[in-house]
Structures are given as structure tokens and as C-alpha cells.
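The values are calculated or read from the model by the stated rules, or taken from the named source; none is laboratory data. The structure presented is a predicted model; accordingly, all values stated were derived computationally and were not measured. Note: ideal-geometry Cβ built from the backbone for every residue, glycine included; neighbour counts use all protein chains shown.
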Amino acid sequence: MNASSNLGLRPAQTSAGLSGEQPQNVWIVIAAYNEGSRLATTLKSLANCGSVVVVDDGSRDDTFEVACSFPVWVLQHPLNCGQGAALQTGIDFALSQGADAVITFDADGQHDPAELSQMLQPVVSGQVDVALGSRFLGSTQNMPWSRRILLMLAIWFTRLTNGLALTDTHNGFRALSRSAAQQIRIRQPRMAHASEILDQIAKHRLRYVEIPVTVRYHADTLAKGQSSWDAFRITGHLLAGRFWQ
């Protein structure tokens, strides 16, 4: 789960693009695997929104080269380790750079950068330790019914296993205070990390709030998304992780 020794490091941007009261050192962490065709649009949209670190998770396309063409920090896993592992690498790097707050943001263009400030505000103000994006409090575009069913099942699974009454449990758009980012350790390397983060919010009794966000679905992102079988496999990984803790 460590970054490769072959790191492409570029100077980070300031957080001038985020309005309102905020810490001086906001970091946006992006885990990217084979996102060469979509990453450029996402990084353009994040210009002046904070210090950005992209973790190329062993991509087989030009994700690393695309990321290095932008004024962001770029780290590279030599092998594909999974989104959870890539996020932990990025969060650790942000913390090592003195991050006051960390935002996780998907590489594929599903999230809206205009919503960064509202996601960050309750964390920066000290009201909560974690802000979690919710597409069901906000809006979705072109979400298939099958994905909606899987997400609803995940919501009930979360309520039964850790007691968190959330409306959206697998949203990659979230904000963490420095303290929360230090306490949450992602050990599930792949997609089960989203549920693991929620487990740790409950375990450490972190204060949290859900923030309405927009999630946009596109044909190419749905093609590489989770199937029904993936949902059962993720649940198995999560339960196994709990057993061996």
C-alpha cells in the first residue's frame, strides 16, 4: 500500500478556489486506475480548488502521464492494489504535507467540484469530523435502477452492522478533518474500503454529517463499475476483515 519509489511529483496548487472559512492546507486525494480518458477533465475542473494528489494505482493506460501533465502531485503504485489502498496512500501523503483537511474525490468525473465548499464547511468549522456525500439527499443523473437497488441494500447492511443511519454508504466524495484522517486507517484495499471507513467512523465515535451532492453516471463509467456479484464479493471482504481484526 505504499507509493512506488518512482514518484512523479509536481508542485501543488493553493486552496484559493474554495470559498468561505477554511484551513490553509486543504488536500484533494484522487485514486485513479485506467482513467486516462477521463482524468484530464476532472483535473481541469479542480484548478485552484486545493492541493491535489493523484495516486495512479498501477494503471495500464496513460493515467500517470495525463496526471503528470497537470500542476498536481502524482504518486504511482507499481501494481494495481485497489482503490482503498490508493486512497490510503494519498491520505498518508497529504497528512505528511501538513494537511488540515482531506477531501476524497473520484477520478472519473462523477462528482461536481462546485460542491467542494459545502462539503468542506462543516469540517472546517469544527462542527463535525467527517462530511459524507449523499446522492440521495442531493441528485443523480442517469443512474440505472440496478445500481439504485445495490446502493439501497448497502444502506441497510450498514445500518445493521454499525448502526449508522445514513442515506448513502458508497459515495467517494467525502471530507475528513486532520484528526479523522489520522484515526481512519483503510485496510480493505479494494472496494470494501467504503464500508470500512464507515465502520471506523462508528468505532472512533467521530462526528459526521451527510451533505447533498450530485453524482453523474456515464456509459463508460458504468461499464467499469460494480456488478451484483461484486456487491456480494465486497460484503465477503468486509466481513472477513472484521473477523480477522
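Before we move on, is Ser15 crowded, with 21+ Cβ neighbours inside 10 Å, part of a loop (DSSP other than H, G, I, E, B) and at pLDDT below 50?
Yes, satisfied.
If you scan the range 162-183, which residues turn out to be under 20 Å from Gln83 (Cα atoms) and either polar (S, T, N, Q) or in contact (Cβ under 8 Å) with a residue 40 or more places away in the chain (or both)? Talk me through it step by step, then tell me what you get.
To start, the set of residues in the range 162-183 that are under 20 Å from Gln83 (Cα atoms) comprises 168-176, 180-183.
Within the range 162-183, Asp168, Thr169, Asn171, Gly172, Phe173, Arg174, Ala175, Leu176, Ala180, Ala181, Gln182, Gln183 qualify.
Would you tally the residues in the range 152-161 being in contact with a Leu (Cβ under 8 Å, 6 or more places away or on another chain) and either under 27 Å from Ile28 (Cα atoms) or outside any helix (DSSP H, G or I) (or both)?
The qualifying residues number 2.
Got at least one residue in the range 172-182 being surrounded by fewer than 22 Cβ atoms within 10 Å (Cβ to Cβ), under 12 Å from the mean Cα position of the chain (by Cα) and farther than 20 Å from Leu116 by Cβ?
There is no residue in the range 172-182 that is surrounded by fewer than 22 Cβ atoms within 10 Å (Cβ to Cβ), under 12 Å from the mean Cα position of the chain (by Cα) and farther than 20 Å from Leu116 by Cβ.
For the range 104-146, which positions are among the aliphatic types (A, V, I, L, M) and touching a Cys at 6+ places or on another chain (Cβ under 9 Å)?
Result: Leu116, single match.
Could you list, in sequence order, the residues of the range 75-91 that are crowded, with 19+ Cβ neighbours inside 10 Å and not in a strand (DSSP E or B)?
Residues satisfying the conditions are Cys81, Gly82, Gln83, Gly84, Ala85, Ala86, Leu87, Gln88, Thr89, Gly90, Ile91.
Can you confirm whether Arg187 is surrounded by fewer than 16 Cβ atoms within 10 Å (Cβ to Cβ), modelled with pLDDT of 95 or more and either in a helix (DSSP H, G or I) or among the charged types (D, E, K, R) (or both)? Please lay out each step first, then the result.
Numbers: surrounded by fewer than 16 Cβ atoms within 10 Å (Cβ to Cβ): yes; modelled with pLDDT of 95 or more: no; either in a helix (DSSP H, G or I) or among the charged types (D, E, K, R) (or both): yes.
So Arg187 fails the test.
For the range 107-133, enumerate the residues that are acidic (Asp, Glu), crowded, with 20+ Cβ neighbours inside 10 Å and under 23 Å from Asp57 (Cα atoms).
Selection gives Asp108 alone.
crowded, with 16+ Cβ neighbours inside 10 Å and modelled with pLDDT of 95 or more: is that true of Glu35 in this structure?
yes
Identify the residue in the range 46-68 that is of a type outside the set (Val, Ile, Thr) and closer than 14 Å to Val29 by Cα and, among all such residues, is surrounded by the most Cβ atoms within 10 Å (Cβ to Cβ).
Per the stated criteria, the residue is Asp56.
For the range 149-179, which residues satisfy the criterion of being under 25 Å from Ala99 (Cβ atoms) and of a type in the set (Ser, Thr, Tyr)?
Thr169, Ser177, Ser179, listed by residue number.
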